[in-house]
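Written out below as structure tokens is the structure these notes cover.
The values are calculated or read from the model by the stated rules, or taken from the named source; none is laboratory data. The model shown is predicted, which means the values in this text are computed figures rather than measured ones. Ideal geometry is used to build each Cβ from the backbone, glycine not excepted, and the neighbour counts take in all protein chains shown. When the accessible area is computed, the model is the full protein with side chains, heavy atoms only, and any ligands, DNA or RNA have been set aside. Shrake-Rupley method; radii C 1.70, N 1.55, O 1.52, S 1.80 Å.
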Amino acid sequence: MNETEILALLQKYQEGTLSDVDKDKLEAWYLHKASNSNLQLSELELEKSYEYLKSKLPLHQEAKVIRIWPRVAVAASMALLLGTGLFYFTKPKEQPIQLAEKPLEIAPGGNRGILTLSNGKQIVLADISAKDTIAKEGKQAEVTIKMSANGVITYVINPNAEAPKVAANSFNTLSTPTGGQYNIVLADGTKVFLNAVSSIKYPTQFNGNQRVVELEGEAYFEVAKDRTKPFIVKSGNQAIEVLGTHFNVHAYDNEAVVKTTLLEGSVAVTHKNQKAILKPGQQSNVSDNFNKIAIREVDTEAAIAWKNGRFKFDNADLKTVMRQLERWYGIKVEYRGDVSEVTFNGGTFRNKNLSEVLKVLELSNIKFKVEGKTIIVDP
């Protein structure tokens, strides 16, 4: 019998609907499993186990079974762990077979976002079909907001619209919830990849001599080149100025340090009265607790792994890792004991269920217990 058939028989037995023929089948399977077990019981335990099994599941050909017992490894109390470990025999008062509750799988995040227009209207992007015109902005509908075939928000300036006499900017905000990410192409052609629990505020078209956006959370930028109009990203007390380049900004409120990682080109990072120029492969760290902007060489793949659908940990401390999981899986983490010395290297894919990610982390001898959407960490 295969595992599915056995599970069906066990279910019938638990419900009291097992036929005599099925009892014989289950008896034969049980004796086979018991005979091949590595576990051992004393003769007294074997006798008690057999009597218990007989009282709950009538066995035929008792004499033959009795002769087998001295050679079997376990009796009715042995755990019969099938593929998923759902069913097992035990010795409670009334329920010889129990169905062990399997924790609910916590699924990964996906493309989810909310677009807030200049008039305050909010649009849930998951409700929009590809290639739809979402909205128009400007007094003369100079800008059309669309969703492309691959689900990216784009801003298209109408070349035939008459330019307003006063070039006032109107602003939109793209935000992502817990377990959400979204991509957008701004009016100048700049591509922005927005991570979970983040938001970016930007003009619907870039009037004036600068292209200024405001970021909370994390985003990866591929800035369209325009040497006459610098692109500026503001995050709290930090400002990043570029002319056209690729970089990542990690600026969550619950993180102590704002990190800017440069992949190509050049960026100027300003924090309070200080300024630093980054080269490709470098990362700046700024904090109100730092006396100056710290610059270090980093693994850029780790910094943008989230954009490429991965978790990649480069000597990352446990709490930093778990904050990433909180944002992506919508979980709450509780710690039992000191985890300050625990670090991780390696990674996995972001499209995995949480249980699979935790298995990877457990390779570093950390234990996790899942209670609903709360993860208890025991070092």
* Structure fact -> Matching residues in segment 138-151 (outside any loop (DSSP other than H, G, I, E, B) and without any contact (Cβ under 8 Å) to a residue 60 or more places away in the chain) number 4
* Asked: Among the residues of segment 248-258, is any in contact with a helix residue (DSSP H, G or I) (Cβ under 8 Å, 6 or more places away or on another chain) and over 21 Å from Arg296 (Cα atoms)?
  -> yes
* To do: Please enumerate the residues belonging to segment 208-226 that are among the hydrophobic types (A, V, I, L, M, F, W, C) and either open to solvent by less than 10 Å² (accessible area, probe 1.4 Å) or not in a strand (DSSP E or B) (or both).
  => Val213, Leu215, Ala219, Phe221, Val223, Ala224
* Output yes when any residue across segment 348-364 is open to solvent by 70 Å² or more (accessible area, probe 1.4 Å), more than 21 Å from Ala107 (Cβ to Cβ) and in a strand (DSSP E or B), and no when none is. => no
* **Selection count where residues are in contact (Cβ under 8 Å) with a residue 12 or more places away in the chain, more than 25 Å from His271 (Cα to Cα) and out of contact with any Ser or Thr (no Cβ under 6 Å at 6 or more places or on another chain), scope segment 287-322** => 12
* Asked: For Trp328, which of the numbered conditions (1) assigned to a loop (DSSP other than H, G, I, E, B); (2) over 22 Å from Val242 (Cβ atoms); (3) within 15 Å of the chain's Cα centre (by Cα) fails to hold?
  -> (1)
* Structure fact -> Among residues of segment 227-261 being free of Cβ contacts under 8 Å to residues at least 24 places away in the same chain and in a strand (DSSP E or B), the residue most open to solvent (accessible area, probe 1.4 Å) is Lys234
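Here is a yes/no grid of residues against (1) touching a residue at least 24 places away in the same chain (Cβ under 8 Å); (2) more than 26 Å from Ile331 (Cβ to Cβ):
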{"residue": "Gly113", "(1), (2)": "yes, no"}
{"residue": "Lys121", "(1), (2)": "no, yes"}
{"residue": "Ile153", "(1), (2)": "yes, yes"}
{"residue": "Asn160", "(1), (2)": "no, yes"}
{"residue": "Gly179", "(1), (2)": "yes, no"}
{"residue": "Lys201", "(1), (2)": "yes, yes"}
{"residue": "Glu214", "(1), (2)": "no, yes"}
* **Unmet criterion (only one of (1) farther than 18 Å from Ala256 by Cβ; (2) crowded, with 16+ Cβ neighbours inside 10 Å; (3) free of Cβ contacts under 8 Å to residues at least 60 places away in the same chain) for Val370** => (3)
* Structure fact -> Reported set for segment 295-325 where residues are on the phi > 0 side of the Ramachandran plot and within 15 Å of the chain's Cα centre (by Cα) is Gly309
* Asked: Looking at segment 269-281, is at least one residue touching a residue at least 12 places away in the same chain (Cβ under 8 Å), of a type in the set (A, V, I, L, M) and assigned to a loop (DSSP other than H, G, I, E, B)?
  -> no
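A quick yes/no check of all residues on (1) in a strand (DSSP E or B); (2) open to solvent by 30 Å² or more (accessible area, probe 1.4 Å); (3) within 21 Å of Phe231 (Cα to Cα); (4) modelled with pLDDT under 95:
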position: Lys136; (1), (2), (3), (4): yes, yes, no, yes
position: Val156; (1), (2), (3), (4): yes, yes, yes, yes
position: Pro159; (1), (2), (3), (4): no, yes, no, yes
position: Val197; (1), (2), (3), (4): no, yes, no, no
position: Phe206; (1), (2), (3), (4): no, no, yes, yes
* Is there a residue in segment 217-232 that is aromatic (Phe, Trp, Tyr), in contact with a strand residue (DSSP E or B) (Cβ under 9 Å, 6 or more places away or on another chain) and under 30 Å from Ile331 (Cα atoms)? -> yes
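Working only within segment 332-351, note down all residues that are among the charged types (D, E, K, R) and touching a Phe, Trp or Tyr at 6+ places or on another chain (Cβ under 9 Å).
Arg350
Has segment 313-328 got at least one residue that is open to solvent by 50 Å² or more (accessible area, probe 1.4 Å), in contact with a Leu (Cβ under 8 Å, 6 or more places away or on another chain) and modelled with pLDDT of 95 or more?
No - not one qualifying residue is present in segment 313-328.
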